[in-house]
Amino acid sequence: MVVDDDLAMCGFLRTFLGARNYNALTVTNADEAVRRFHAERPAAVLLDVVMPGSMDGLAALAAFKKIDKDVPIIVISGQGRTSVVVQAMRLGATDFLCKPFEENELEMVIEKALKQHQLSQEVASLRAQLKEQSRYTMLFGHSRQMQEVRDLIERVSDTDVTVLIRGESGVGKELVARALHDQSLRKDKPFVKVNCAALPTELLESELFGFEKGAFTGSIQHKPGKFEFANHGTMFLDEIGDMSFPLQAKLLQVLQ
């Protein structure tokens with residue numbers, strides 16, 4: 001898409017792009033350009049800075065980036081002042097050309113912008129594929145029961161609730177907990193595991209809730225608990241059934 005209030009420049013760029021097998025949509029004001037950008041989603045934009053109306057080229061650039069930040073925007077302007085160039089680049093312009101420019105210079109800039117855009121799309125697609133392939137990589141099996149487990153993880157992972165995972169020792173309860181964490185909105189936050197059967201009650205309470213300096217003999221400094229470490233993340237309490245009843249009561253208060 002070409003956005004320029006100069007009809008002669010629009011005509012030149014339309015011919016220039018057409019000769020190189022690009023379909024060029026030309027618009028002569030920024031307000032209309034934003035509407036057309038939203039509707040057409042062009043592969044790239046050649047954008048002038050100074051234009052009549054309520055919106056100039058830089059304002060249009062900001063609007064384009066709000067609609068689709070990935071579309072390359074090449075700013076072309078007779079105003080080559082450093083401040084204009086810097087502002088355009090800060091707003092997300094892919095490149096900046098000063099008028100007048102050489103045709104081969106424009107061609108190189110367009111080709112570079114489109115190649116970078118294509119590369120970024122390919123990288124995003126590959127990342128999405130890898131993410132999809134890596135889901136539940138440790139949850140092997142294609143049986144109906146395993147598919148039910150995966151479906152349940154899908155349903156629960158988007159919620160913010162306490163989850164009880166039951167099963168015999170060795171069936172993969174921790175793997176399910178990690179899969180829930182990895183698919184949740186908390187995936188970028190900590191996943192903290194505590195084995196409730198590995199510590200006596202007194203030590204487990206300190207491990208979970210931490211303690212302040214001077215709280216008891218030997219507490220020479222503040223120690224944060226696992227709940228503090230797992231803040232906004234996921235806490236996996238393994239073998240919770242082995243926790244003493246008084247400590248379970250304290251834990252219930254935290255969970256509620």
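If we scan the stretch 204-218, do we find a residue that is among the β-branched types (Val, Ile, Thr), at pLDDT below 85 and surrounded by 11 or more Cβ atoms within 10 Å (Cβ to Cβ)? So far as the stretch 204-218 goes, no, none of its residues is among the β-branched types (Val, Ile, Thr), at pLDDT below 85 and surrounded by 11 or more Cβ atoms within 10 Å (Cβ to Cβ).
For residue 141, indicate whether it is out of contact with any helix residue (DSSP H, G or I) (no Cβ under 9 Å at 6 or more places or on another chain), on the phi > 0 side of the Ramachandran plot, surrounded by fewer than 15 Cβ atoms within 10 Å (Cβ to Cβ) and modelled with pLDDT under 85. The answer is no for residue 141. Checked against (1) crowded, with 20+ Cβ neighbours inside 10 Å; (2) in contact with a strand residue (DSSP E or B) (Cβ under 7 Å, 6 or more places away or on another chain), residue 36 passes all but condition (1).
Out of all the residues in the stretch 167-193, which are farther than 14 Å from residue 242 by Cβ and either part of a strand (DSSP E or B) or without any contact (Cβ under 8 Å) to a residue 24 or more places away in the chain (or both)?
Residues of the stretch 167-193 farther than 14 Å from residue 242 by Cβ: 167-168, 170-172, 174-193.
Of everything in the stretch 167-193, those that are farther than 14 Å from residue 242 by Cβ and either part of a strand (DSSP E or B) or without any contact (Cβ under 8 Å) to a residue 24 or more places away in the chain (or both) turn out to be 167, 168, 170, 171, 187, 188, 191, 192, 193.
Okay, residues lined up against (1) loosely packed, with under 15 Cβ neighbours inside 10 Å; (2) touching a Lys or Arg at 6+ places or on another chain (Cβ under 7 Å); (3) modelled with pLDDT of 90 or more:
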position: 28; (1), (2), (3): no, no, yes
position: 57; (1), (2), (3): no, no, yes
position: 72; (1), (2), (3): no, no, yes
position: 77; (1), (2), (3): no, yes, no
position: 119; (1), (2), (3): yes, no, no
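Among the residues of the stretch 230-240, is any more than 23 Å from residue 176 (Cβ to Cβ), loosely packed, with under 13 Cβ neighbours inside 10 Å and not small (Gly, Ala, Ser)? No: the stretch 230-240 contains no residue that is more than 23 Å from residue 176 (Cβ to Cβ), loosely packed, with under 13 Cβ neighbours inside 10 Å and not small (Gly, Ala, Ser).
Checking the conditions here, which among 199, 247 is out of contact with any Gly (no Cβ under 9 Å at 6 or more places or on another chain), farther than 23 Å from residue 170 by Cα and surrounded by 10 or more Cβ atoms within 10 Å (Cβ to Cβ)?
On the way: 199 fails: farther than 23 Å from residue 170 by Cα.
From the options 199, 247, the qualifying one is 247.
Taking the conditions exactly as written (aliphatic (A, V, I, L, M), at pLDDT below 95 and not in a loop (DSSP other than H, G, I, E, B)), does residue 9 satisfy them or not? Before you say what the answer is, go through the steps one by one.
Details: aliphatic (A, V, I, L, M): yes; at pLDDT below 95: yes; not in a loop (DSSP other than H, G, I, E, B): yes.
Considered against the rule, which asks whether it is aliphatic (A, V, I, L, M), at pLDDT below 95 and not in a loop (DSSP other than H, G, I, E, B), residue 9 comes out as yes.
The values are calculated or read from the model by the stated rules, or taken from the named source; none is laboratory data. Values in this document were obtained by computation on a predicted structure and should not be read as measured data. Methodologically, a virtual Cβ is constructed for each residue, glycine included, from the backbone with ideal geometry; neighbour enumeration extends over all protein chains shown.
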